[in-house]
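Data block below; observations after.
What follows draws every value from the coordinates through simple rules; no lab data is involved. Because the structure is predicted, anything quoted here is derived from the model rather than measured. Glycine also receives a Cβ, built like all others from the backbone with ideal geometry; neighbour counts cover every protein chain displayed.
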Amino acid sequence: MKKKIIIAISSVVVMLIAGLVIWINDTNKKAEDFFAFRELLDEDFFPILRDSGDYFDTLIERENDIGIYFVEDGYEVNLKLKSRLKEVKDVVIKTDVKYEDTHALKKNVLTTISEMEDLLGSLYTMSPSQYDFEARKIFYDLLGRGTEGLSKQVREMNEILGEYYK
């Protein structure tokens, strides 16, 4: 009788230990997947996100001579950003992720890239003359709405990232 109790208790302990080992292993794999994707973002995505923010800031700072800015540098900067975004988008799409948190981050990044591409494309085609006040108003309304949408995406991204940096 004692032997059966010892065997039953031993079996339960072994199962608990095995379950714990499996859970720890799964958690480590999730973290490895997430941090590997995060490293990719550090190298490719976050620099362009920062550069796009700088570009949008420049558009705001140059409101009074926006037409001149686009002729001097604005068109070229916009095209370079769109080209870099396309490259980053291709890399992100091709990156295989296996776990739910990393999938959520990847989806958020792709949505952010898509919104940035749309905004940059719209700004490129709408670049107003500094003397066309109505066109400038429409341009800056679009810029404001676009950057608000991007800010929302970045906040969601930070929430996802925050789960691993507590």
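Key figures
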quantity	calculated
Members of region 130-153 that are touching a residue at least 24 places away in the same chain (Cβ under 8 Å) and surrounded by fewer than 13 Cβ atoms within 10 Å (Cβ to Cβ)	Tyr131
Residue identified as under 18 Å from the mean Cα position of the chain (by Cα) and among the aromatic types (Phe, Trp, Tyr) among Tyr131, Tyr124, Tyr99	Tyr99
Residue tally, condition over 16 Å from Gly121 (Cα atoms) and under 24 Å from the mean Cα position of the chain (by Cα), over region 52-80	4
Glu39 being out of contact with any Pro (no Cβ under 8 Å at 6 or more places or on another chain) and surrounded by fewer than 11 Cβ atoms within 10 Å (Cβ to Cβ)	yes
Any hit, region 46-57, residues being surrounded by 13 or more Cβ atoms within 10 Å (Cβ to Cβ) and polar (S, T, N, Q)	yes
Leading residue by the ranking (nearest to Glu72 (Cα to Cα)) among those in region 107-129 that are in contact (Cβ under 8 Å) with a residue 24 or more places away in the chain and among the aliphatic types (A, V, I, L, M)	Leu123
Residue check for Glu115: touching a Gly at 6+ places or on another chain (Cβ under 7 Å) and surrounded by fewer than 18 Cβ atoms within 10 Å (Cβ to Cβ)	yes
